[in-house]
Amino acid sequence: MVRYKFVHTGDLHLGCGLKTSSLPEDVRNNLRLDVWKALDQIVSYCKEKRVDFLFIAGDLFEHDLFKMSDLKMLAAYFKSLDKTKVFISPGNHDPLGGFMSYKAIDWPENIHIFKDEKITEVKVDDWMSVWGFGWNGEYIRDAKDVLGDVPDVFRTNILVLHGDAIDSGSNYLPLRDEMEYLNSFDYVALGHIHKPNQLEAKIKYCGSPLSISFKDEGKRGFIKGDVTKGEVTSEFIPLEFRQFHLETVEVVPEESYLDICDKIKKLSHNKNQDLFKITVNGILDVDVDFEMIKQGIYDSFYYVELIDATIKDYDLESLYSQNENNIIGRFIKEMAQEDLNDSTNRQALYHGLEALLQERQL
Ligand SMILES: [Mn+2]
């Protein structure tokens with residue numbers, strides 16, 4: 001029995017500018033290189049496993065930032081796949097009508113780029129077909145404009161498509177109300193949503209192959225699959241790239257500058273590559289300088305952002321004596337009737353004080 005292997009990827013956004021990123025330039029440069037490394041790893045996987053088909057579900061590159069040299073590099077990578085046929089369905093970031101487009105060069109013979117206005121079929125042998133469609137512009141508001149023929153049930157059909165199957169009101173090819181059509185295929189290789197997502201066993205978003213911001217939580221990678229006549233199985237394969245971590249740390253007033261630095265440093269792992277955003281909560285000793293904590297932990301991370309969500313540990317007695325006759329004093333007096341060794345009560349007191357003291361400064 002003939003059995004084909006495939007890889008489903010998409011949303012690489014090669015050449016991405018990371019324009020909205022607040023990360024420093026050197027970090028952004030490394031992330032841009034990582035995207036090419038991800039392509040390299042996917043291509044290597046296809047060679048090593050002798051994958052028959054590489055399906056790319058759009059947003060392979062950024063048309064407005066991609067250069068001719070980048071496009072040729074991409075073609076070279078695909079050409080090196082002598083055992084693999086590559087099917088590309090362009091998306092909204094790499095549209096056929098884009099500034100830099102697939103049309104700008106001649107592609108090697110093993111590459112098929114879907115260029116028709118509707119979803120079209122390519123018969124790869126006497127029982128299997130690959131279907132796809134290429135975006136031309138920035139938006140597609142009606143799926144009816146692109147849905148093509150219903151596939152022949154006696155064939156094994158795979159659809160490669162860039163669109164939004166989550167939000168039915170999306171401007172990016174809304175597919176949510178087209179599940180019946182999608183279900184007429186044996187596998188649907190979707191792109192556009194960056195988080196890997198399985199809508200149904202045979203309708204999947206591969207997600208972007210790596211994380212490039214703190215919004216990209218969770219594992220990233222690609223999907224590998226097997227096709228036999230009438231049956232497609234698939235599974236997610238994670239790739240190892242630098243991870244983005246969102247963490248929180250709780251501090252108490254008894255902790256010194258060094259205690260707190262040590263606590264934060266313990267979160268560090270993959271010191272040479274991972275990125276951390278750490279929120280510090282709790283009550284901070286009034287004489288600990290948060291800026292110094294930032295300096296103290298800096299060298300223990302590849303990249304770290306420390307967010308100060310602490311409140312200061314006030315000297316209640318002196319604060320009371322200074323404010324006996326105003327709202328601050330009355331607030332302290334009232335809160336003192338609660339058990340202040342209880343951390344919830346103490347937090348409530350400090351939050352209230354912080355608000356009142358801030359108001360006074362205004
Ligand atoms: Mn997209």
Count - residues of segment 160-213 that are within 16 Å of the ligand (Cβ to nearest atom) and in a helix (DSSP H, G or I): 1
Qualifying residues in segment 238-287 (those that are surrounded by 15 or more Cβ atoms within 10 Å (Cβ to Cβ) and acidic (Asp, Glu)) - the one nearest to TYR303 (Cα to Cα): ASP274
Neighbours by Cβ (under 6 Å, 6+ apart or cross-chain): first from segment 189-209, assigned by TED's automatic domain parsing to the domain that holds MET179 and at positive phi; second of a type in the set (Asp, Glu) and within 11 Å of the ligand (Cβ to nearest atom): HIS192/ASP164
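It is to be established whether one or more residues within segment 145-159 are within 15 Å of the ligand (Cβ to nearest atom), within 21 Å of LEU81 (Cβ to Cβ) and within 26 Å of the chain's Cα centre (by Cα).
Taking segment 145-159 and keeping what is within 15 Å of the ligand (Cβ to nearest atom), we get 146.
Right, trim to within 21 Å of LEU81 (Cβ to Cβ) and you get none.
No.
Listed here are the residues, each with its yes/no results for (1) in the same structural domain as ILE203 (by TED's automatic domain parsing); (2) among the acidic types (Asp, Glu); (3) in contact (Cβ under 8 Å) with a residue 12 or more places away in the chain.
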{"residue": "ASP126", "(1), (2), (3)": "yes, yes, no"}
{"residue": "GLY132", "(1), (2), (3)": "yes, no, yes"}
{"residue": "ILE158", "(1), (2), (3)": "yes, no, yes"}
{"residue": "ILE166", "(1), (2), (3)": "yes, no, yes"}
{"residue": "ASP177", "(1), (2), (3)": "yes, yes, yes"}
{"residue": "GLU180", "(1), (2), (3)": "yes, yes, no"}
{"residue": "PHE185", "(1), (2), (3)": "yes, no, yes"}
Residue within segment 259-275 that is at pLDDT 95 or above, more than 30 Å from ASP216 (Cα to Cα) and either among the charged types (D, E, K, R) or not assigned by TED's automatic domain parsing to the domain that holds SER21 (or both) present: yes
Filtered residues of segment 67-105 (kept if away from the ligand (no atom under 15 Å from the Cβ), crowded, with 21+ Cβ neighbours inside 10 Å and assigned to a loop (DSSP other than H, G, I, E, B)): THR84
Selection within segment 1-31 - among the charged types (D, E, K, R) and surrounded by 18 or more Cβ atoms within 10 Å (Cβ to Cβ): ASP11
Residue list for segment 153-168, restricted to those being of a type outside the set (Val, Ile, Thr) and out of contact with any strand residue (DSSP E or B) (no Cβ under 8 Å at 6 or more places or on another chain): PHE154
Criterion: part of a helix (DSSP H, G or I), within 29 Å of LYS265 (Cα to Cα) and polar (S, T, N, Q) - qualifying residue of GLN322, GLN295: GLN295
Residue, nearest to the ligand (Cβ to nearest atom), within segment 51-64, restricted to residues that are farther than 13 Å from HIS112 by Cα and touching a Lys or Arg at 6+ places or on another chain (Cβ under 9 Å): VAL51
Neighbours by Cβ (under 7 Å, 6+ apart or cross-chain): first from segment 1-23, closer than 17 Å to ASP40 by Cβ; second away from the ligand (no atom under 16 Å from the Cβ) and part of a loop (DSSP other than H, G, I, E, B): VAL7/VAL51
In segment 186-195, the residues that are crowded, with 19+ Cβ neighbours inside 10 Å and more than 15 Å from PHE55 (Cα to Cα): ILE193, HIS194
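The values are calculated or read from the model by the stated rules, or taken from the named source; none is laboratory data. As the structure is a prediction and not an experimental result, all values here were calculated from the model. Counting neighbours? That spans all protein chains shown, and the Cβs are built from the backbone with ideal geometry, glycine included.
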